[in-house]
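The values are calculated or read from the model by the stated rules, or taken from the named source; none is laboratory data. On a predicted model such as this, the values are computed, not experimentally measured, just so you know. Reconstructed Cβ throughout: ideal geometry from the backbone, glycine too, with neighbour counts over all protein chains shown. What goes into the accessible areas is simple: the full protein's heavy atoms, side chains included, and nothing from ligands, DNA or RNA. Shrake-Rupley method; radii C 1.70, N 1.55, O 1.52, S 1.80 Å.
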Amino acid sequence: MPGSLEPLDLGVQIPYHFRCPISLELMRDPVTVSTGQTYDRSSIESWVATGNTTCPVTRAPLTDFTLIPNHTLRRLIQDWCVANRSFGVERIPTPKQPADPARVRSLLAQASSDSAPTPTRLSALRRLRGLARDSDKNRSVISSLNAREVLLDVVFAAASDSDSAELSHEALAVAVMFPFAEVECAAVASEPDRVAYLTRLLFHSSIEVRVNSAAMIEIVMAGMRAPELRAQISNVDEIFEGVIEILRNPIAYPRALKIGIKALFSMCLVKQTRHKAIAAGAAEILTDRLADFEKYDAERALATVELLCRIPAGCSAFAGHALTVPLLVKIILKISDRATEYAAGALVSLCSASEQSKREAVAAGILTQLLLLVQSDCTDRAKRKAQLLLKLLRDSWPLDSIRNSDDFACSEVVVPF
């Protein structure tokens, strides 16, 4: 390979030996393989993950796949970054080393040992939590060592002992950092005592415990295909109240909003228990919080509103809130195509059920929004809902605004969510 320096757009040249031979970019976490060649960790891991068993540079077979951190090169790269700060080069951070599988096994053994002192078990769980927070790679290593089953056992075994409550809470905090297989979700959902315990935790004095409990409920609901088990969870007394209460937390705790709406949406997918969400105050909290959600959470919140508007109690509750219709009208074409589709779907249900909602929609300027929507590049489902709304509202338009309303007549039904 040429040993010359290649110019960057920044006006600074990266030394050749600081570049990864695979990505040709500045290495952030240089590691050395068995052939003695150095690569950026993410690049060589991707190379090996795709089935390659040779060194990319030498083409020699890799006798093992151990990656040894090249600390000397990494420090040289960091020094070079600092020296070129004036050119806009940022210093690469010192990477945290991946979790050692042997160390993870030891921590899991300590955490699950009934004979170990509680402080030792808590310490092991907190170290596992720290490792899991560090990187996706660490979470993959931990998950591959049967961690989810071990953690679930600790969560629910400690639940029966009031003296071990902290142990259960800490294990729960670690467990919700991993995706669960369907069999693991079923192991929770099929045990009423386990679901009841998670429901009680929704009312715990610690917001972190409450949010972690909601996270586990959402993981279990989303990870199962068995409708009877999903219905069994969403039918538990006070589970909706607990999740909705989480959404009342201050905006300063954004994780509560994110987890709360994910859990509420997952439970509202069960049609036969949606009335419980309405009885628990879902309409009021969703309308009041709608402006506080980030994009993807706002989409999920609007999808939940549309689902709840499909039952009479839901329509009545949302129609009874003075801000519901104006907010839904305002959201059209503002957040995303999905958000527009869900908002239009909710408005179809509300305006089909209530003359007052029709008047509120017209007063909020829905005509302009719908005309823009049917001419936009949004989804076909959103356009069909917009056309249906135009038809529903044609008798409510001011006389001077309906001359061309025949252009938007439509007999489409609402497309199921």
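Listed values, structure above:
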| read-out | value |
| --- | --- |
| Extended-chain gain in nm, criterion 0.36 nm per residue less alpha-carbon gap, T66 and T368 | 102.5 nm |
| Which of A313, F178, I233, positive extreme of dipole for the chain (C-beta unit charges) | F178 |
| Gain on full stretching of the segment that runs from S144 to D395 - 0.36 nm per residue minus C-alpha separation | 84.2 nm |
| Zone of D380's modelled label, taken as backbone nitrogen in segment 327-355 under 17 Å from a point 7 Å along Cα→Cβ | 338, 341 |
| In segment 184-272, the trypsin sites (Lys or Arg not before Pro) that fall in loop regions by DSSP, at most 15 other Cβ within 10 Å | R225, R248 |
| Mean-position separation - Cα centroids, segment 254-311 and segment 170-247, in angstrom | 16 Å |
| Förster radius 41 Å - calculated FRET efficiency between N52 and L76 (Cβ-Cβ, nearest 0.05) | 0.90 |
| Test item: Cα-centred dipole of segment 13-95, Lys/Arg +1 and Asp/Glu -1 on Cβ, debye | 160 debye |
| Residue order for W397, W47 - accessible surface, 1.4 angstrom probe, largest first | W47, W397 |
| R0 of 35 Å, Cβ-Cβ distance R59-E25: FRET efficiency to nearest 0.05 | 0.95 |
| Cα gyration tensor, segment 299-346 - rounded (a/c under 1.5), prolate or oblate | oblate |
| Label-point separation in nm, K96 to D163, each point 7 Å along Cα→Cβ | 3.3 nm |
| Linear extension gain, I251 paired with D292, 0.36 nm per residue minus alpha-carbon span | 14.0 nm |
| All lysines inside 22 Å of K295 as judged from Cα atoms, apart from same-chain residues fewer than 8 positions distant | K258, K262, K330, K334, K383, K385 |
| Only Lys, Arg (+1) and Asp, Glu (-1) charged, at Cβ; segment 110-219 dipole about Cα centre in debye | 400 debye |
| Accessible-area value, H321, 1.4 Å probe, nucleic acids and ligands omitted, Å² | 40 Å² |
| R0 of 56 Å, Cβ-Cβ distance A313-Q37: FRET efficiency to nearest 0.05 | 0.25 |
| Cβ-placed point charges (K, R +1; D, E -1), dipole of the chain about Cα centre in debye, nearest 20 | 500 debye |
| Cα gyration tensor shape for the chain, rounded if a/c is under 1.5, else prolate or oblate | oblate |
| Simple label model, 7 Å out from Cα along Cβ direction - R359 to D337, nm | 3.7 nm |
| Under DSSP loop assignment and at most 16 Cβ neighbours within 10 Å, longest GluC sites (Glu not before Pro)-free interval of the chain | 91-237 |
| Cβ-based charge dipole, the chain, positive-most Cα from C351, S43, P21 | P21 |
